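Let me begin by presenting the structure, written as structure tokens, before commenting on it.
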Amino acid sequence: MSLIHEIDYGTPRSKAETMVTLTIDGETMTVPEGTSIMRAAKEMGTAIPKLCATDMVEAFGSCRLCLVEIEGRAGTPASCTTPVLPGMVVKTQTDRLKRLRKGVMELYISDHPLDCLTCAANGDCELQDMAGAVGLRDVRYGHEGHNHPNPGLDESNPYFTYDPSKCIVCSRCVRACEEVQGTFALTIAGRGFDSVVSPGMEESFLGSECVSCGACVQACPTATLTEKSVIEIGQPEHSVITTCAYCGVGCTFKAEMRGNEVVRMVPWKDGKANRGHSCVKGRFAWGYASHKERILNPMIRESITDPWREVSWEEAIAHTASEFKRIQAKYGRLSIGGITSSRCTNEETFLVQKLIRGGFGNNNVDTCARVCHSPTGYGLSQTYGTSAGTQDFDSVEQSDVILLIGANPTDAHPVFGSRMKKRLREGAKLIVLDPRRIDLVRMPHVEASHHLPLRPGTNVAVLTALAHVVVTEGLADEHFVRERCDWDEFQDWAAFVADPRHSPEAISELCGVPAEDIRAAARLYAGGENGAIYYGLGVTEHSQGSTTVMAIANLAMATGNIGRPGVGVNPLRGQNNVQGACDMGSFPHEFSGYRHVSGDETRQLFESLWGVPLDSEPGLRIPNMLDAAVDGVFKGLYVQGEDILQSDPDTRHVAAGLAAMECVVVQDLFLNETANYAHVFLPGSTFLEKDGTFTNAERRIQRVRKVMPSKSGKADWEITLDLAHAMGFDMNYAHPSEIMDEIARLTPSFAGVSYAKLEAEGSVQWPCNEKAPLGTPVMHIDGFVRGRGRFMVTEYVATDERTGPRFPLLLTTGRILSQYNVGAQTRRTENVVWHGEDRLEIHPHDAEQRGVHDGQWVKLASRSGETSLRALITERVAPGVVYTTFHHPGTQANVVTTDFSDWATNCPEYKVTAVQVMPSNGPTAWQEGYDEQSRNSRRIAPLVEAAE
Ligand code: SF4
Ligand code: SF4
Ligand code: SF4
Ligand code: FES
């Protein structure tokens, strides 16, 4: 293995269709119109020296190193800023050019410290490279002259340093921050020789607007901006391409290594989801993989109040299998089940559901998508016939109007958020439907045309009102609907939405949004050339989550915004492989590829390959498993890579269910909250330690590659395999690629997927089969998967969770950029500097009424329970609404959420909880003394007590 060097073409690729032919150094070259001379030369293999140009950002033309001669043109123009023209004749190497370039380099080097041998970038410095490329042998001006200002080393960011003494003021960092990330945190302060990069006025990087995405570090050609890990470890010596294990964007990275140690993660320019960009989590927050709290040996205990006992893998697996067999013998076949992980690979998830269906002999399998996007699966399959988003991420580049509903991409899907911001800066319009004023409502160079700050729980009413405007104002695309959808169902639906009770005026008071704003938003969305809908958990995690997804699908069909680039219905999926976990058959009623277990033909296909009879009855969902446990009939659970105690609603009920079981097996990296109730702990492996695939939010299947040996000795798929053998269920695979081959044999939408194809193509989007051998970037182009698009009537039904005198405020929850989900990984990285605790956002008006001050401890109480956290007074939330994150187990925000859930899928209603907030003196009783290091059993008593 060697270090992979990506080619830097100097300027971005032109997307023009017209081609231009020119001559460079005597060779003829044809490139798209708008290509720079620098890029055209590089594409034919000639590297023109450069410093201020890099292909991730537009050319700037400041360093004057890339000069060329053009026949018939005076002077020596910069090749990075000069576009090719037909018939142009360019010379890149003449004596004059060599002399000029040497002179430029002399000036740079005379102002640069001469500590190359001890510099962290030694061997990876473009300034060094260019000195070599132009043949610089001496510097006529010496090195003792006046150097540009050096405000001093800034080490405030936990992941990278800023050493201005090495800065050549090429402004690549400033442009990367603006163009790639869209944060505008950097500027060049001062003029001429005194200019210097600055993260805002008199601020450090940490104190500035910087979101630590690292784009500037990647763009910097010198050691001015350098990863601390490179300074500590040294330059990497080999690299492996793999996929981020945090969110559903699915960024591809080069893991750059020294031996088995990660030196840095560099976003891969060929990654089709991220196009060379990343966020703070993927680029920097991988330290948890070697965190001292990782459990590396299997452990068992008789009772959850006993201390853990380390055992061999053999003993742990044999004990688990014998416990599961004992329970089934005593309580019946249906008394055990399992939960697959949306963080594990497709192959691992497939094996867990196979073990449960084939080895346990029942369908008691579920996944965390139950608590996030299960309504997406249901709603989109009802209307369009498939359970996934319709577009690829590139599609946003062609959107004219973006309707963003219940999603906060700049925090939760940051790299896609940056791509969306770029499109908005180019002129696309934005409508935000969200109770909270998310950053995209107004931020540098981005401003939403409309923000509809609806009351939590009223999504369906507002979406139906938008549809009302579309239908009653003649904005529907009748041609599209007649051609592609069921016309009779459309007419029924149109009559329903046109009813005056669904007009913006009729629902304005209910949802808290002025009627004229709803009308204007509907006109904008329906009137745009390409209208795209993006949505998140603010849509799904409601008692009407599935209805809301169907309302979104209706709106897109009615306006003809389906089946081409730039439009579509796009769920922004949370976890890295939540799409894959659903695709792989993690739900109790479906085999892989969303086929119902009662379908004889499908079931027989699986039975014949697996060699066992399979149950035709759907199994239990997570909440039903917990209910059954409390009722004493469900006794054993295998949980791979999920922390249901922290992530699922109504913590007390979850605790009571787990405490009632006789064998809970947790397979994870750390002793998580659920492990408090476990009898067996099987140490899991990180994404760095195994092979497999993840499927991101755009249905893109991407390789995860092992970059280091497993610290615990086994990848997660190997653990499941051992457990299956011990249970007497025959599964044999030598490598995850063989599991994928089986998935392809059994799943029509994956029929064309293989590791060989993924090696060749980089990634593919399902469906990938005979009809679409290279995958399907945009779905429903020639027709809906189900045939004709189906309009569904979406009657608004208010949630049973109501505010009242005792609980007058509505709590909604969400994520923050630096933390991820329950925080098991990110809390064990330096990311805690940005978010060391969950805070309760409360509007100044509500805070004043309650005598709450900023930063003060407050009690947050609901009908389910109470917790305490500190207040953050902000106008980001509307009066009557409070908001918090759920990243810290010391807060346990889900102690207060209810067990109300989506009518179709049981997805919990996290986004609407009636609460009261009042000042408090500090943490509540159960939070007292909470200590993550030694949490074992400490919190069991209060939670179970509360549940009883
Ligand atoms: S890390 Fe990202 S946000 Fe921060 S200054 Fe660099 S490019 Fe801008
Ligand atoms: S910090 Fe790096 S990228 Fe930014 S201006 Fe200085 S040398 Fe260029
Ligand atoms: S956007 Fe998501 S996938 Fe990409 S680096 Fe960040 S966390 Fe990883
Ligand atoms: S690379 Fe062209 S002017 Fe700097």
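The values are calculated or read from the model by the stated rules, or taken from the named source; none is laboratory data. All values reported here derive from a predicted model rather than from experimental measurement. FYI the Cβ positions are ideal-geometry reconstructions off the backbone, even for glycines, and counts take in every protein chain you see. When the accessible area is computed, the model is the full protein with side chains, heavy atoms only, and any ligands, DNA or RNA have been set aside. Shrake-Rupley method; radii C 1.70, N 1.55, O 1.52, S 1.80 Å.
Would you mind classifying segment 690-768 by shape? Square roots of the alpha carbon gyration tensor eigenvalues, ordered a ≥ b ≥ c; an a/c under 1.5 is rounded, otherwise it is prolate if a/b is larger than b/c and oblate if not. It is oblate, given that a/c is not under 1.5 and a/b is not larger than b/c. If you take the square roots of the eigenvalues of the alpha-carbon gyration tensor of segment 3-44 and sort them as a ≥ b ≥ c, do you get rounded (a/c under 1.5), prolate (a/b over b/c) or oblate? It comes out oblate by the Cα gyration axes.
Pairs spanning more than 24 Å between alpha-carbon atoms, out of 635/711; 166/228; 42/269; 42/254; 292/706: 635/711. Within segment 376-570, DSSP assigns beta bridges of which about 10% are antiparallel (rounded to the nearest 5).
The share of accessible area on segment 634-788 that comes from carbon and sulfur is 49 percent, using a 1.4 angstrom probe. Roll a 1.4 angstrom probe over the protein heavy atoms and tell me the percent of accessible area of segment 521-592 that is carbon or sulfur. Roughly 51 percent, rounded to a whole number. Cβ-Cβ distance of residue 122 and residue 1, R₀ of 30 Å, FRET efficiency by 1/(1 + (r/R0)^6): the value works out to about 0.90.
Accessible surface area normalised per residue over segment 809-936 is 34 Å², counting heavy atoms of protein chains with a 1.4 Å rolling probe. Taking a sphere under 10 Å around the Cβ of residue 388 and counting the other residues whose Cβ falls inside, with K and R at +1 and D and E at -1, yields a net charge of 0. Segment 699-762 and segment 195-273 have their alpha-carbon centroids 29 Å apart. For segment 19-133, with all protein chains in place and a probe radius of 1.4 Å, 52% of the accessible heavy-atom surface sits on carbon or sulfur. DSSP beta bridges fully contained in the chain are about 60 percent antiparallel.
The translational diffusion coefficient of the chain, from Stokes-Einstein at 20 °C and 1.002 mPa s with a Kirkwood hydrodynamic radius over alpha carbon pairs, comes to 73 µm²/s.
For segment 19-133, the solvent-accessible area with a 1.4 angstrom probe is 45 square angstrom per residue. Taken about its Cα centre, segment 160-290 carries a charge dipole of roughly 400 debye when the Cβ of each Lys and Arg holds +1 and the Cβ of each Asp and Glu holds -1.
Report, in debye and to the nearest 20, how large the dipole of segment 357-433 comes out about its Cα centre when Lys and Arg carry +1 and Asp and Glu carry -1 on their Cβ.
120 debye
Using R₀ = 51 Å, calculate the FRET efficiency as 1/(1 + (r/R₀)^6) where r is the Cβ-Cβ separation of residue 206 and residue 137; round to 0.05.
Rounded to the nearest 0.05, the efficiency is 0.80.
About the centre of its Cα atoms, the chain shows a dipole size close to 1100 debye [charges on the beta carbon of Lys, Arg (+1) and Asp, Glu (-1) only; nearest 20 debye].
For residue 445 and residue 47, what is the calculated FRET efficiency with R₀ set at 30 Å and r taken between the beta-carbons, to the nearest 0.05? Using R0 = 30 Å, I get an efficiency of 0.35.
The residue among 35, 19, 88 whose Cα reaches farthest toward the positive pole of the charge dipole of segment 19-133, with charges on the beta-carbon of Lys, Arg, Asp and Glu, is 88. Rounded, prolate or oblate: which fits segment 809-936 when a ≥ b ≥ c are the square roots of the eigenvalues of the alpha-carbon gyration tensor, with rounded for a/c under 1.5 and prolate only if a/b beats b/c? The shape class here is rounded. Taking the centroid of alpha carbons for each part, segment 10-88 and segment 572-648 are 55 Å apart.
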